[in-house]
Amino acid sequence: MGTSVGKTVRAERTRQGIPVRELARRLGVSPSFLSQFELGQSQAAVNTLFAIATELNLSLDVLLGNSVDPERESESESKTHEPRISDCLTFRSGVRWQRLANTPENHHVQFLLTEYEPGADSAPGDAPQTHSGDDYGYVLEGTLTIDIDGMRRLLKSGEAIHLVGNVPHRLRNETDQTVKAIWFVLG
């Protein structure tokens, strides 16, 4: 995930006057983990990244260092869009995000191609993820296991789903093949 995300977290936490121990408590992680993450010495899971964005009131674009000038030409008007290194994030839990479009910060939208390696889990540990907004997903390849508020659903290639962000959910690949999905995250 690199040091830039951690540096952004540290800068915003400091700007808001939140001690590392307090933010760690709110996130349910250890202060040493948060400090290591801010220094780029450890990676966060997807659920932790969402929790950080929520606690610091940051859009994922700002958190990931990809804010876009609203006056900038739209992607449809630009000649090409080559993904930058910062457009791709690989989480320690085996999940990879690739941004498919840049969006202005005030739009609070993410358009992502996600890959789930065999055994990947969006929320490793006991706590499923929650966040503000809504997720709209479409599986391109493979079968994704989705736990929604304690209920399990298998989403196969060609199937779509809507998830309400504040309802606890977890996305897992319980197969031996990589799962690819498109997600539109609003909020």
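Each reported figure results from applying straightforward, stated rules to the coordinates on display, with no laboratory input. These numbers come from a predicted model, not from an experiment. Please note: Cβ atoms are built from the backbone with ideal geometry, for glycine as well, and neighbour counts cover all protein chains shown.
The ranking of 169, 108, 131, 162 from fewest to most other beta carbons within 10 Å of each one's beta carbon is 162, 108, 131, 169. The charge dipole of the range 85-186, taken about its Cα centre with unit charges on the Cβ atoms of Lys, Arg (+1), Asp and Glu (-1) only, comes to about 60 debye.
For the range 160-187 versus the range 93-137, the inter-centroid distance based on Cα atoms is 7 Å.
Sorting 164, 29 from the fewest to the most surrounding beta carbons within 10 angstrom yields 164, 29.
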